[in-house]
Amino acid sequence: MARTIALIPAAGMGKRMGAGSNKQYLMLDGMPILARTVQTFQEADCIDAIYLVSPEQEIPFCRSEVVERYGFTKVRAIVPGGSERQHSVYNGLRAIEGIQPDDIVLIHDGVRPFVSVQMLEDATAAAREGGACVVAVPVKDTVKVVREGVVTATPPRETLWLAQTPQGFRYDLIRAAHDQAAAEGFLGTDDASLMEWQGQPVRVVQGDYRNIKITTPEDMILAEAFLKEKN
């Protein structure tokens, strides 16, 4: 039976947060954001192992204050990150021990703590069936294409979705995409874009508008409100 491996990059510097520390370690109702994220993967029966990606100098802190403090037994390794998110993911892909071509890798932002077990199960199933998928939600607003301050197009709203994570892939496919991108110097906006660049179909899995990526102080306000309502 093919395994499902979670790869969670948490190597960003969080400059837009302006908090003086990396955003993944900010406390959200008494628990680091990253720990809240990992907890869902720890609890999900569909996840066999977890690999975290962290700035190299923060690995001891990540190990002691996240993995060991909260008893995340599924975490197999903390991998040094790269200069870009794509490089960090590539490092993580190469570090997974005993990985098989048909194993599924779910790549998820460390600062999306409201991912649900249902999303993980849905993404795993879609990736197993089609090879690649992205969790996403339909846009609510009208979107304008703007060049040099002037609107040039208004795409049909029903064709536009906001990409989230997890993004799920069969290992051989996402590894080949990252290998080629590294060889050719291609930098995508997310992992699914590497598959699209290769001409591979990517399925869409329904996400949740609360599955936010915590990037700015305003996001923290939203996150705290979501937790308050949940509790």
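If you take the residues of segment 175-215 that are among the polar types (S, T, N, Q) and open to solvent by less than 40 Å² (accessible area, probe 1.4 Å), which of them is farthest from Leu227 (Cα to Cα)? Looking at residues that are among the polar types (S, T, N, Q) and open to solvent by less than 40 Å² (accessible area, probe 1.4 Å), I get Ser193.
Evaluating Ser88 against the criteria (1) of a type outside the set (D, E, K, R); (2) under 28 Å from Glu218 (Cα atoms); (3) at pLDDT below 95 leaves one unmet condition, (3). Residue count for segment 22-35 satisfying the condition of being among the aliphatic types (A, V, I, L, M) and open to solvent by 10 Å² or more (accessible area, probe 1.4 Å): 3. The helices (runs of 4 or more DSSP H) found wholly in segment 115-231 and carrying at least 3 residues that are closer than 27 Å to Ala95 by Cβ occupy 117-130, 171-184, 191-197.
Among the residues making up segment 113-142, those that are under 21 Å from Gln42 (Cα atoms) and either charged (D, E, K, R) or without any contact (Cβ under 8 Å) to a residue 40 or more places away in the chain (or both) are Gln118, Glu121, Asp122, Ala125, Arg128. Going by what's in this entry, would Val38 be described as open to solvent by less than 20 Å² (accessible area, probe 1.4 Å), of a type in the set (Val, Ile, Thr) and within 20 Å of Tyr90 (Cα to Cα)? Yes: the conditions hold for Val38. For segment 55-93, which positions are loosely packed, with under 14 Cβ neighbours inside 10 Å and touching a residue at least 40 places away in the same chain (Cβ under 8 Å)? Matches in segment 55-93: Glu84 only. Within segment 105-112, one or more residues are crowded, with 22+ Cβ neighbours inside 10 Å, in contact with an Asp or Glu (Cβ under 6 Å, 6 or more places away or on another chain) and in contact (Cβ under 8 Å) with a residue 60 or more places away in the chain.
The values are calculated or read from the model by the stated rules, or taken from the named source; none is laboratory data. As the structure is a prediction and not an experimental result, all values here were calculated from the model. Neighbour counts run over all protein chains shown; Cβ positions are idealised from the backbone, glycine included. Surface accessibility is based on the protein's heavy atoms, side chains included, excluding ligands, DNA and RNA. Shrake-Rupley method; radii C 1.70, N 1.55, O 1.52, S 1.80 Å.
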